[in-house]
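Engineer: Please see the structure below; I have some questions.
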Amino acid sequence: MRVVLQRVASASVSIVAEHGEVSDFEPQRIEAGLMLLVGVSDEDDDDAVTWMAHKISKLRIFEDEDMKMNRSIEDVGGEILSISQFTLYGDANKGNRPSFVAAGRPEHAERIWNQLNQALRSQGIAVRTGRFGAHMKVSLVNDGPVTLILER
């Protein structure tokens, strides 16, 4: 599992309606917290979900009163916006078109992504999401900027 984690002042996601269709997706928005771009491989399992949820919830990247990164998302009561992102497993080493063969099969990737979101919620964190497999527009105001890549 690969996660690009960004500390944000705000973030939002909406669905791009295609071919004149009307999307039933309600745009999601968070204020201060974390935006996660989550890539899943076929090797990811329950252990990877448990590890990643613990790492994300406990990671001390929010500033304390001394302006040191000493607080977690749990400590500050922040929210999470989680976006499924199969392109994190893109390989562009050969040619000009990336290969996505390392990305998880859609049915597996969606299940693991949903498990991660639920594991974070079970720790008391508010988690909003995009829609798996949809064409989305994601906006964020990176705070810091703070961006980390987590991999398990």
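The values are calculated or read from the model by the stated rules, or taken from the named source; none is laboratory data. As the structure is a prediction and not an experimental result, all values here were calculated from the model. Virtual Cβ from ideal backbone geometry, glycine too; neighbours counted across all protein chains shown. Just so you know, the surface numbers come from the protein's heavy atoms only, side chains and all, with ligands and any DNA or RNA stripped out. Shrake-Rupley method; radii C 1.70, N 1.55, O 1.52, S 1.80 Å.
Engineer: Inside the stretch 63-89, can you point out the residues that are within 19 Å of the chain's Cα centre (by Cα), among the aliphatic types (A, V, I, L, M) and either modelled with pLDDT under 95 or assigned to a strand (DSSP E or B) (or both)?
Structural biologist: Ile80, Leu81, Ile83
Per-residue answers, yes or no, for (1) more than 20 Å from Glu31 (Cβ to Cβ); (2) of a type in the set (A, V, I, L, M); (3) touching a strand residue (DSSP E or B) at 6+ places or on another chain (Cβ under 9 Å):
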residue	(1), (2), (3)
Ser84	yes, no, yes
Ala109	yes, yes, yes
Trp113	yes, no, yes
Ala119	yes, yes, no
Ser122	yes, no, no
Arg128	no, no, yes
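Engineer: Does the stretch 77-101 hold any residues that are surrounded by 15 or more Cβ atoms within 10 Å (Cβ to Cβ) and out of contact with any Gly (no Cβ under 8 Å at 6 or more places or on another chain), and which are they?
Structural biologist: Once the filter is applied, which keeps residues that are surrounded by 15 or more Cβ atoms within 10 Å (Cβ to Cβ) and out of contact with any Gly (no Cβ under 8 Å at 6 or more places or on another chain), the stretch 77-101 yields only Gly90.
Engineer: Continuing with this model, one more query. Among Arg111, Arg97, Arg105, Arg131, which is charged (D, E, K, R) and within 18 Å of Ser12 (Cα to Cα)? Please lay out each step first, then the result.
Structural biologist: Values: Arg111 fails: within 18 Å of Ser12 (Cα to Cα); Arg97 fails: within 18 Å of Ser12 (Cα to Cα); Arg105 fails: within 18 Å of Ser12 (Cα to Cα).
After applying the criteria, what remains is Arg131.
Engineer: Out of Arg29, Arg7, report the one residue that is among the charged types (D, E, K, R), open to solvent by 60 Å² or more (accessible area, probe 1.4 Å) and under 17 Å from the mean Cα position of the chain (by Cα).
Structural biologist: Arg29
Engineer: Return only the number of the condition from (1) modelled with pLDDT under 95; (2) part of a helix (DSSP H, G or I) that Asp47 does not satisfy.
Structural biologist: So Asp47 meets the others, but not (1).
Engineer: Continuing with this model, one more query. Go through the stretch 59-68 and give me each residue that's over 21 Å from Glu151 (Cα atoms) and either in contact (Cβ under 8 Å) with a residue 24 or more places away in the chain or open to solvent by 60 Å² or more (accessible area, probe 1.4 Å) (or both).
Structural biologist: Taking the stretch 59-68 as the starting set, the residues that turn out to be over 21 Å from Glu151 (Cα atoms) are 63-68.
Matches in the stretch 59-68: Glu63, Glu65, Asp66, Met67, Lys68.
Per-residue answers, yes or no, for (1) touching a Lys or Arg at 6+ places or on another chain (Cβ under 6 Å); (2) among the aromatic types (Phe, Trp, Tyr):
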position	(1), (2)
Asp45	no, no
Trp51	yes, yes
Asp66	no, no
Tyr89	no, yes
Pro98	no, no
Glu110	no, no
Arg128	no, no
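Engineer: Give the number of residues within the stretch 112-151 that are polar (S, T, N, Q), closer than 14 Å to Val38 by Cα and open to solvent by 50 Å² or more (accessible area, probe 1.4 Å).
Structural biologist: Number satisfying all stated conditions: 4.
Engineer: What residue, of Gly33, Gly39, is under 24 Å from Pro145 (Cβ atoms) and touching a Phe, Trp or Tyr at 6+ places or on another chain (Cβ under 8 Å)?
Structural biologist: The unique qualifying residue is Gly39.
Engineer: If I ask for residues that are outside any loop (DSSP other than H, G, I, E, B), among the basic types (Lys, Arg) and touching a residue at least 24 places away in the same chain (Cβ under 8 Å), which ones from the stretch 102-152 would you list? Steps first, answer last, please.
Structural biologist: So the first thing to find is which residues in the stretch 102-152 are outside any loop (DSSP other than H, G, I, E, B), and the list is 106-121, 126-129, 136-151.
Applying the additional criterion that residues be among the basic types (Lys, Arg) yields 111, 121, 128, 137.
Selection gives Arg128, Lys137.
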